[in-house]
Structures are given as C-alpha cells and as structure tokens.
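**Student:** This is the structure I want to talk about, given as structure tokens.
The values are calculated or read from the model by the stated rules, or taken from the named source; none is laboratory data. Note that this is a predicted model, so its numbers are computed, not measured. Note that each Cβ is placed from the backbone with ideal geometry, even for glycine, and that neighbours are counted across all protein chains shown.
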Amino acid sequence: MTATRERQRVVLPKDYTFDLAEEMVDRIKNEFYPHDTVAELAPKVAGKAPAEARRIAEEHFRDYGRRWMDRSLELGNQYRDRAYETLLAAAAKTGEMAFPFIPERFIEIAYLSTQPIYSLPITENTKNAFGYKMVFCDTIENLREQCGDALADQLPCREGCLAAAERAFTANGFDVEVTQDASIIDGDFCQFSVRRKGA
Amino acid sequence: MCRMCDSLGGGGTWYLNPKNYSNRMYKLREPGKGPTTQLGNSANAGASENAGSAFARAVEAKANGELETFNGIIAEMNKRALMRPGAQVVPLHEVMDVLDMGMPVAAMMCICRKGTRACEECSLSEYSCMGLGTGMLKWERWPERYRGGVEFLSTKQAKEWVEYWDTKGMMHMLMQEGGDFVGGLCNCDYPDCGPIRQRIDYGLYAQLVKGEYVCFVDWDKCNGCGDCLGRCHYNALKFEATMEKAHIDQFECFGCGLCETACPRDAISYLDRKKIPGLAKVW
C-alpha cells in the first residue's frame, strides 16, 4: 500500500445534507400541530358521556395518526437527505436493514416535526423489533387543557401513536404488531414497541 | 464492575442488551447551535477531548522523566473514567450474538493503526474496524475519520469478516461511544491498538476493561501442541515446560478467547469472571 494510492482514495467532503429538511419539518408541523387537532376534537366531545367521548376521541386520533404518518411518508420521500440515501443503498446491498430503519426514519420525521423535542429517544432498533418513547408530549397537554382531565386521563391519543407507528411499517411492506409498553398517565412517558409478526 | 453492568446490563451483560445499540437517526438543531462537528454525542465528544489532552500531558511527563506528574495525571484520568469505560474485551462467540441484533454494521479503517503505522486501510480486505448503529449512515459527515470509505455488511458477511480477523490473531473489543451507546467493534492487536496500549503501557485501566470471562486450560485435554501460544496479547499464556501443557495466568487474562478459538482439542474454555472470588473485581 503506497501513500499515493491512499491519497487517491480519500473521500472528499461534498455538499451533502444529513439533517432533516427544515421546510419539510415546517410543513408537517403546520398541518399536524397537536394543538390544532385537539381543537378540532374539542367540540365533538363537548357534553358527551365519558364512554362516548372516549370512543369519539380514539377514532379522531386513529384517523389523525394515519394521516400524520401518510404525510410524513410522502414528504419524507420527497425531501431526501444523505443519511436516507445511504440507508437505502446499504439496505439494497446487504438485503437487510430496511427493518426497522426505513420506517424509523419516518417515525422520527413525524414526531420531530410536531412535538417539542429535538430527538426521539429510541429504546430498541434491532432486526425484529423497534421501540421509542415520548417524554414531552404536546398532544396530552393540549388534550388536558382543551378537553379536560377526565378524557385526557383515558389517553385516547395513544391511538394516534399506535396508528402512525403501524402505518410507517405497513407502508414499507412490514407486517407488524404495535403495542404500548408504558403510559404517560401512569408514569413519565409513553413507550411504544413494534415487533415483526412471526419473528 | 461499574455502571456498565449495574445500570446498562438490564440484569445481564451490558453489551448483550439491545437497548445499548439503540439510537436515533436524526436530531433537530437546537436554536443557536451549529451542526455536529465531533463524533459521538456532544457530552462524550467533550469528555474525549479532555481525556486526550490529559493523556498528551501524561505522555509528555513520562517522556521528560517526571514520574510523579505522570502518575498523578493517570490516577486522575482513571478516577474520571471509572464510571464510563471506553471499551471492553469481548470473545468471538459473544461478538456473534452482538451481530445477530442486526443494526447497521460497516467495516472501516482502524484509526489506531493509521496513527501507529501512518497508513490507511482502503478496502474490505484491509479494514479491521467496524462501526455499529445508525451513526454509520452519516459516516461521510466525518471524511477525515473515514478516509478509505466504509463498506456496509450483512449479518452473515459481518460474522465471516470478524471470524477472519480472529483466525489472524486479532482480539475483539466493543467501544462505547458515550450516551450509553455501543458504536464500534474493533479487531485489535498490540501494539497497534490505542486502548490496549493505554491500558498496558500507561495504566489507563478504564480505557480497556477486561472481558466478562477468563480462559482456563483443561490439562487432561491439552496435548501441548502450542497452537494457542503467540495468540495472547497480554502475556497471560505460557507453555509449562515441566508439563508440556499450555497454562493461563488468570490474573493477567483479559478473556479475549483467542487461545480458545485456536485450540484444536477444545482444551480451553471460558469461566465467568464474576463467579471466581479472586477475579470478580479484577477488571
């Protein structure tokens, strides 16, 4: 090995962007801001019996979660970054890594765009499982403020997170089971796990 | 030994806990802060810089014959690093378990070897280090560290690659990258490896923690062939001329298992360090 040969193979810095596009983050934030979706829900549940209010809220958040992730998938593919391109190339080369990392990217995009966090704490990302937790959640805070503690304590918004996580994986061709392992009502954070079916 | 086992192990060996390989892909930039310019998370990067600076002063003191100053710096560095060791020796069979977890793995140049030999590894047949986790998806962000490129590997390819280096006599260690995240798997030897040299030559114990095991020779099986001799980087293995058998000094053994993988008669096995009273606190 000669010094000359090494020099020729140095990887030069390029104008790559490794971060999420700010414009994409702003677009998703504007369309799926937790305050606004809870504001849409509030009149629907006002004056309803607790069980009915919960049913309506859960359906509202399920729909929100699906649309939120669909938009994150759409814009996430439109606004690509170098880390994503590297992931796609590595996944194609190795035949592995698509699970869980490709869906993980869209889940991170969804939460980072709409919640008051700078990074999403990942609890597991291995070849058969993925998990994350939400410590600072604007949705539950808005739910408490706009719809009251009684409904907020039922945590109907969990349906949004469950639906979004499932959508991120199924849209990328993975058959998964999504569960909630911890609740911000009972503790300090919500935690969700995604496991490949049959694994 | 330390918080690696106490709080990161989850009831078992810390590096076999999938949680310690979990990491985000993205981070939004906090207002007023610029892009990340250092490897690892910011807290660890700062700690590494301080450690590097202190180590440079220790080397200078040693070179100048200022033994008291040298010992003082090393003692302080050991005290600071106690709660967050840099790397731990891992035997081949547990490296296989780690690779089964399936995180992004990419073979790359060894930065220690670049420093000691002033040459770079530029292809898969030359690379001897492996980056683990989602951080590898952004390797081009640090072109100087990754000169020569990287090559992403499937689990099967990664296992074969590590086995190759094991047959060549390279021991394995997992590197903690701060933030309780295991970010690298190195295939190392003395004297090229920085952590080994820091431990052996400078007494920086936390830079390279001994493995969870110690190796043991079954003299009923050992026929004295000597295939294991020369594999040990720590002077723990010798040939007992009076018995014509291999012998391992378990106080010196780091538990890398290179002797075990070389033995054609399965005469060498692993003992759990924590279960041996005299060794349970020898890390």
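**Student:** Here are B:Glu163, B:Glu140: which of them is of a type in the set (D, E, K, R) and under 18 Å from the mean Cα position of the chain (by Cα)?
**Tutor:** Details: B:Glu140 fails: under 18 Å from the mean Cα position of the chain (by Cα).
When all the criteria are applied, what remains is B:Glu163.
**Student:** Within segment B:1-107, considering only helices (runs of 4 or more DSSP H) that don't extend past its boundaries, which have at least 3 residues that are modelled with pLDDT of 75 or more and under 30 Å from B:Cys259 (Cβ atoms)? I'd like the intermediate steps shown before the answer.
**Tutor:** On the way: elements: B:3-6, B:42-63, B:67-81, B:92-99.
The helices (runs of 4 or more DSSP H) meeting that bar are B:67-81, B:92-99.
**Student:** Another question, then. From the list B:Leu229, B:Leu271, B:Leu279, which residue is assigned to a strand (DSSP E or B) and not basic (Lys, Arg)?
**Tutor:** Details: B:Leu229 fails: assigned to a strand (DSSP E or B); B:Leu279 fails: assigned to a strand (DSSP E or B).
None of the others qualify; the one that does is B:Leu271.
**Student:** Further question on the same structure: State yes or no: is A:Ser113 of a type in the set (Gly, Ala, Ser) and within 7 Å of chain B (Cβ to nearest Cβ)? Steps first, answer last, please.
**Tutor:** Details: of a type in the set (Gly, Ala, Ser): yes; within 7 Å of chain B (Cβ to nearest Cβ): no.
Answer is no for this residue.
**Student:** In segment B:121-146, what residues are among the charged types (D, E, K, R) and out of contact with any Leu (no Cβ under 7 Å at 6 or more places or on another chain)? Break it down into steps so the answer makes sense when it comes.
**Tutor:** Initially, segment B:121-146 is screened for residues among the charged types (D, E, K, R), giving B:121, B:126, B:138, B:140-141, B:144-145.
Correct list: B:Glu121, B:Glu126, B:Lys138, B:Glu140, B:Arg141, B:Glu144.
**Student:** Please give the number of the condition B:Gly131 fails out of (1) in contact with a Pro (Cβ under 9 Å, 6 or more places away or on another chain); (2) assigned to a loop (DSSP other than H, G, I, E, B).
**Tutor:** Checking B:Gly131 against (1) in contact with a Pro (Cβ under 9 Å, 6 or more places away or on another chain); (2) assigned to a loop (DSSP other than H, G, I, E, B), the one that fails is (2).
**Student:** For the subset of segment B:137-156 comprising residues that are at the interface with chain A (Cβ under 7 Å from one of its Cβ atoms) and not in a loop (DSSP other than H, G, I, E, B), which member is farthest from B:Cys122 (Cα to Cα)? Steps first, answer last, please.
**Tutor:** The initial filter retains those residues of segment B:137-156 that are at the interface with chain A (Cβ under 7 Å from one of its Cβ atoms), namely B:137-138, B:140-141, B:143, B:146-149, B:152-155.
Checking which are not in a loop (DSSP other than H, G, I, E, B) leaves us with B:137-138, B:140-141, B:152, B:155.
Details: B:Leu137: 18, B:Lys138: 18, B:Glu140: 15, B:Arg141: 18, B:Phe152: 14, B:Thr155: 21 Å.
Result: B:Thr155.
**Student:** Could you say which residue among A:Tyr118, A:Tyr132 is touching a residue at least 12 places away in the same chain (Cβ under 8 Å) and either closer than 30 Å to A:Pro43 by Cα or within 11 Å of another protein chain (Cβ to nearest Cβ) (or both)?
**Tutor:** Residue meeting the stated conditions: A:Tyr132.
**Student:** In this structure, is A:Phe99 more than 10 Å from chain B (Cβ to nearest Cβ), buried (at least 24 other Cβ atoms within 10 Å of the Cβ) and assigned to a helix (DSSP H, G or I)?
**Tutor:** no
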